Protein chains: 2
Amino acid sequence: MTDSSKKSVLVIGGGAVGAIAALNLEVGGLATVTVVLRSNFEVVNRDGYHIQSCDHGILENWKPSHVLPQVPAITDGTRYDYVVLATKNIPDILPIADVLKRILSAGNSHTTVVLIQNGLNIAKPLLESFSQTPVLSGVSLIGSAEIDPGVIVQDDKDRLLVGAFDNPNVPAAKLEEKAKDFVRIYGAGGKTECVYSPNVLHDRWRKLVYNACLNPICAVTGLDTGRIRLAPGAVEELVEPAMREIVEAARMAAGVELGVKVVKEMVECDPLEIYLRPSMLADVRKGNFLEFENLLGEPLREGTAKGVQMPTLRVLYSLCKAIQWRTKESKGLVSIPPKRNAV
Amino acid sequence: MTDSSKKSVLVIGGGAVGAIAALNLEVGGLATVTVVLRSNFEVVNRDGYHIQSCDHGILENWKPSHVLPQVPAITDGTRYDYVVLATKNIPDILPIADVLKRILSAGNSHTTVVLIQNGLNIAKPLLESFSQTPVLSGVSLIGSAEIDPGVIVQDDKDRLLVGAFDNPNVPAAKLEEKAKDFVRIYGAGGKTECVYSPNVLHDRWRKLVYNACLNPICAVTGLDTGRIRLAPGAVEELVEPAMREIVEAARMAAGVELGVKVVKEMVECDPLEIYLRPSMLADVRKGNFLEFENLLGEPLREGTAKGVQMPTLRVLYSLCKAIQWRTKESKGLVSIPPKRNAV
């Protein structure tokens, strides 16, 4: 197999999820991967990744084919078959359409975008900016963390559900073909479980049962998911009521039936061997922005628009919004008067 | 006036509230004050307090008549006219009845207990343990903080509302007399506004409009009250709905009519010149226990028992409970298995 037979893949975001995605794609031998790094560019460019993975074992100084410190400009003429977004999706801070505008023309139909990102309605802004572009949904069930820059610990196996977001301007057959092709190259190494799953909405709502609930509850209380299960009342009074609100919103807003057992399954889904710190808790501890608009805001808006009562998630959403504003202040994005009466 | 004509007062808790209470009582000249200190005993015993007060000006090395490192034992034979509790009230950690059992006999009727503490139903456990003891309610509207051990900054004037909690075993006239006597000795120095206010329930529910709402919202979001007012949506989506729940609970559970304007008044009550950090926010930052059961749990339980819908406070309460459990773990009061599957 020559290099030219390989697919050219750009992975934007080389953290806990993106690094393992790049690894899977390279290991399969069907792709040449360029990874765009930000905070860890220097260390990965110099030394590569240190990866400790339940799927891949231990890799020292592993590097993808190329690393870049920023998204290459469209004028570079580089043409990628796939652009994978494996960053957090924080539309209130940095809309992903703005990121992709660097690399994709408005009329692009060649490059397929793959969003390995959580939450609801994340493809909407892309379909507005890139109406001819196939956009795939990647729902990742991986357990992985970047514990230091370039140091990845993957302690729960990578399972990736891939399907296409609806796009009225692209034939359904082409969307399906792109999704299946990406599944093929991602899973070619045999180390991971990547499956084609056409029911994108079902996959996303199902994952929200965890992500819209446990994630912000852990972020706000400072407890990991293991401790939430140990803290008296936290599951019964917070987690389960929130999850039931998502189940009802999925039914009313999207016709997605998640079944009665999903709440118990999601409460208990983290491996018992670890005290898992979900992403929002990790972010709040690092003073990072929270990925709460797509995880929590969108399902809340969709559910309440259909008349679903979502009192638990409403409060959690407003708390996250206030915490996000605090982070904006700490990063200098909002300023406050030195004395309030000076406003 | 001889010393023997003075009232003997024991103030338990010499932090932001207790130090100013002790100062007012000493300044008035009608009381001899003993203050029980814990974390700041050493520094105050050696150097006294450094107090910067909007009521009293700057005092260097100020000491009350006596300071003690712990509550004196009942066997000491010391007899106090008043025992003032100016500690936080955290019944889930240290019930105040347990504190008072050191100094008061079960049959005590001489010593009057004054609770300068927030929240609802705080006298209930005392009436069970000390059925003959007059217990007064002190609702303090002071703005004061202990910024370092023994260093008190009082930036909003001390206003204290004093009345008696109902006690079927003590004649109402005696309760009223004790309350008015305490008002007299507390306000004698003329530097503070201490008034007799017989409507204890009204005063307490009114203060809960602030304390059950702004206090936990600030603690959970990490924002002070000034920033909560600046953060988009926080007042409309969190603070005001929570406050309206308290207003309704006061009406339904206690027949207390707080009026429609109280919400706006409480949102805007902190002086505009400062970014005020309410006590629960200060506590969460210091890793201290939160005073949430009497401030939030009791009004929530009273309101919901009467059928009041309190969705905002229900979520805030459960979040505070989880945070309290986290603090218990950090202080070694609960232990968790090193691996959860080892349970």
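See the values below:
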{"item": "Compactness of the range A:1-102 as Cα Rg over 2.2 N^0.38 Å, two decimals", "result": "1.07"}
{"item": "For residue B:97, inter-copy label distances in nm, listed shortest first [label point 7 Å out on the Cα-Cβ vector]", "result": "6.3"}
{"item": "Cα-based shape type of chain A, given that a ≥ b ≥ c are square roots of the gyration tensor eigenvalues and the cut on a/c is 1.5", "result": "rounded"}
{"item": "Residue-normalised accessible area of chain A, expressed per residue, 1.4 Å probe, Å²", "result": "41 Å²"}
{"item": "By average C-beta atoms within 10 angstrom, highest first, the peptides B:46-52, A:25-31", "result": "A:25-31, B:46-52"}
{"item": "When the convex hull of its Cα atoms is projected in every direction, mean area for the range B:258-320 (nm²)", "result": "5.5 nm²"}
{"item": "Top of B:16, B:123, B:305 by mean-square fluctuation, Gaussian network on chain B, Cα under 10 Å", "result": "B:305"}
{"item": "Radius 12 Å from Cβ of residue A:26, net charge of other residues (Lys, Arg +1; Asp, Glu -1)", "result": "+4"}
{"item": "Sum of -39500 (n - 2.57) over DSSP H runs of 4+, divided by residues of chain A (222 nm, nearest 500)", "result": "-11000 deg cm²/dmol"}
{"item": "Computed E for residue A:109/residue A:251 - FRET, C-beta separation, R0 35 angstrom, nearest 0.05", "result": "0.50"}
{"item": "Cα centroid separation, the range A:286-309 to the range B:286-326 (Å)", "result": "23 Å"}
{"item": "Carbon + sulfur, % of accessible area of the range B:19-153 - ligands and nucleic acids excluded, 1.4 Å", "result": "50 percent"}
{"item": "Equivalent ellipsoid dimensions for the range A:3-198 as semi-axes, Å, which come from the Cα gyration tensor, largest first", "result": "25, 18, 16"}
{"item": "Taking chain A and dividing mean pair separation by its residue count, relative contact order in percent (alpha carbons under 8 Å, at least six apart)", "result": "15 percent"}
{"item": "Average partner coverage of A:301-313, which counts Cβ from other chains inside 10 Å", "result": "1"}
{"item": "The range B:96-129 and the range B:167-194: distance between their alpha carbon centers, rounded to Å", "result": "16 Å"}
{"item": "Inter-probe distance in nm under a simple model that places probes 7 Å from Cα toward Cβ, at residue B:269 and residue A:329", "result": "2.1 nm"}
{"item": "Overall Cα dimensions of the range B:203-330, principal axis frame, Å, largest first", "result": "39, 36, 25"}
{"item": "For residue B:173, inter-copy label distances in nm, listed shortest first [label point 7 Å out on the Cα-Cβ vector]", "result": "10.1"}
{"item": "Accessible area buried between chains A and B, both sides summed, probe 1.4 Å, in Å² to nearest 100", "result": "3600 Å²"}
{"item": "Share of carbon and sulfur in the accessible heavy-atom surface of the range B:203-330 [1.4 Å probe, %]", "result": "50 percent"}
{"item": "Value in Å of the Kirkwood radius, where the protein assembly as shown supplies the Cα pairs that are averaged", "result": "28.2 Å"}
{"item": "Gap separating the Cα centres of the range A:1-54 and the range B:1-42, nearest whole Å", "result": "68 Å"}
{"item": "Peptide B:221-228, shielding by other chains (average Cβ, 10 Å cutoff)", "result": "5"}
{"item": "Cα-based radius of gyration of the range A:78-131 once divided by 2.2 N^0.38 Å, which approximates compact folds", "result": "1.06"}
{"item": "Label distances, nm, residue A:65 versus same residue in remaining copies, Cβ-directed 7 Å point", "result": "8.7"}
{"item": "Orientation-averaged projected area, Cα convex hull of the range A:100-174 (nm²)", "result": "6.3 nm²"}
{"item": "Those residues of the range A:273-298 for which accessible area with every protein chain present is at least 30 Å² below the isolated value (1.4 Å probe)", "result": "A:273, A:275"}
{"item": "Counted charge near residue B:241, where neighbours are those whose Cβ lies closer than 13 Å (Asp, Glu -1; Lys, Arg +1)", "result": "-2"}
{"item": "Mean separation of Cα contacts under 8 Å (6+ apart) over length of the range A:256-343, as relative contact order %", "result": "20 percent"}
{"item": "10 Å beta-carbon shell around residue A:164, net charge (K/R +1, D/E -1)", "result": "0"}
{"item": "Cα-derived Rg to Rh of the range A:6-59, Kirkwood definition", "result": "0.95"}
{"item": "For chain A, built as a Gaussian network whose Cα springs stay under 10 Å, the top-fluctuating residue of A:69, A:134, A:278", "result": "A:69"}
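The values are calculated or read from the model by the stated rules, or taken from the named source; none is laboratory data. These figures come from a predicted structure and were not determined experimentally. So basically every Cβ, Gly included, is an ideal-geometry build from the backbone, and we count neighbours across all protein chains shown. Please note that ligands, DNA and RNA were not included when accessible areas were found on the heavy atoms of the full protein model with its side chains. Shrake-Rupley method; radii C 1.70, N 1.55, O 1.52, S 1.80 Å.
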